[in-house]
Every structure is written in structure tokens, then in C-alpha cells.
Amino acid sequence: MAWRPLLATLGPLLGLAGSLLLASGAARAQSDEVSVKAAFLYRFIQFTEWPVPPSEPFVLCVLGHTPMDEALSRLSGKAVLNGLRITVQHVQPRDPLSGCHALYLDDSQRRKAEELLPRLAGAPILTVTDSDGLADRGLMIELRKRDLKLGFDVNLQAVRSSGMSLSSRLLKLDRKSTRLNSSHGALSRMPSSA
């Protein structure tokens, strides 16, 4: 019977600890997803050919401020395309985009897309989004998440109309998914079910 007061005290604490562990796991999964999206974006840049090769620095533009900002800032200074270094620059829909070599449009900025889409049509700017349906509307690559899988779709018409081309190695991965292995944060490649 001496255990009851102890259990009455520890019960809520154990419940709180369990809730914190679950929240920590969810935050870690969100962090893993953001890191994987940033890694995808980095690889997309490496497997893209521009009609006129980009000059130093390689400018990765990000529309507005997004939940990806921290992960994208870690790309700053990384080498791509014959040693060019990435510079990350935040832009707004009415800002000049002529200096952008790639543009990331996060789902959190979707409402700003309408203003931007006409300006991107045919421009030699690699456009990547995680917002459903924007590849169908003219952006080049759309990251998509289904259950625990992260994959992407390519709008080849948008890529071709810009004079750009994507490596066949990248196109082979289109409609493939990367499963997030929550126990180790590892990635494994598997066909999508869609």
C-alpha cells in the first residue's frame, strides 16, 4: 500500500515523459524529412544542365521564409556544378529572379505561387516545390510525401521549355520513393505504390 502515493506521484510524471518522447520522435521525423528534402534539392541541382552554365556563385533562391530554412542554409557554401559554391537567397514574388539558378517554393508559401508562376514559365531556373499540384501548373520538380515515403515527379515539358535538361539518372528515379527509416534515419530506395 506504500506504493500508491508513489504511483500517484510518478504516474503523471511518467505520462509527461511518454508524451515528451512521442513529441521528440515526431520532431525528429520532421527534421529527417526536412533534411531529406534538402538533400533531394542538392541532388536535383547536380543532375541539371542549364542552357548557359551558371557562373559563380550558384544562387539557390527560396521563396519567403520556410520550415526548410535551416536545412537549406546548410547547403550554402557546398560545391555543385564544376565546383561552383551555393549561395542561398530569400526572395519575394516581385523580386527580380534573373540571378536565381534554382528556386525552392515551399508549401508554406503556396499562396504566393500564383504571382510567381507566369514569371517562371520558360525561365532557365530549376524550380522545385513540395506543394501538391504545382508541377502540373508549371514548376519542374515536385517533392511528394505519401505515408513515410518521399519521392518526386518531374514536369518534363516545363524543363524542356526552359532550355534545361535533367540527367537520365535523375529521370530514372522519377516516381520512385525514398522511405524514411525512423529507427536509424537511414534511407532506402523503393518503387512508389502510386
Pulled fully out, how much extra length does the chain show between SER161 and GLN92, if you take 0.36 nm times their separation in residues and subtract their Cα-Cα distance? 22.5 nm
Förster radius 22 Å - calculated FRET efficiency between GLU49 and ASP107, Cβ distance, rounded to 0.05: 0.20
At SER76 and SER168, where each label point lies 7 Å from the Cα along Cα→Cβ, what is the point-to-point distance in nanometres? 3.9 nm
In Å and on Cα atoms, what radius of gyration and Dmax does segment 37-81 show? 11.0, 31
Determine, from the Cβ-Cβ distance of LEU148 and ARG119 and an R0 of 25 Å, the FRET efficiency 1/(1 + (r/R0)^6), rounded to the nearest 0.05. 0.10
Taking the Cα atoms of segment 60-176, what is the range of coordinates along each of the three principal axes, in descending order and whole Å? 34, 32, 31
Where both residues lie in segment 26-176, what percent of DSSP beta bridges are antiparallel, nearest 5? 40 percent
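Computed from the coordinates by the stated procedures, all read-outs in this text should not be read as laboratory data. Only a predicted model underlies this, so the values are computations on that prediction, with no experimental measurement involved. FYI the Cβ positions are ideal-geometry reconstructions off the backbone, even for glycines, and counts take in every protein chain you see.
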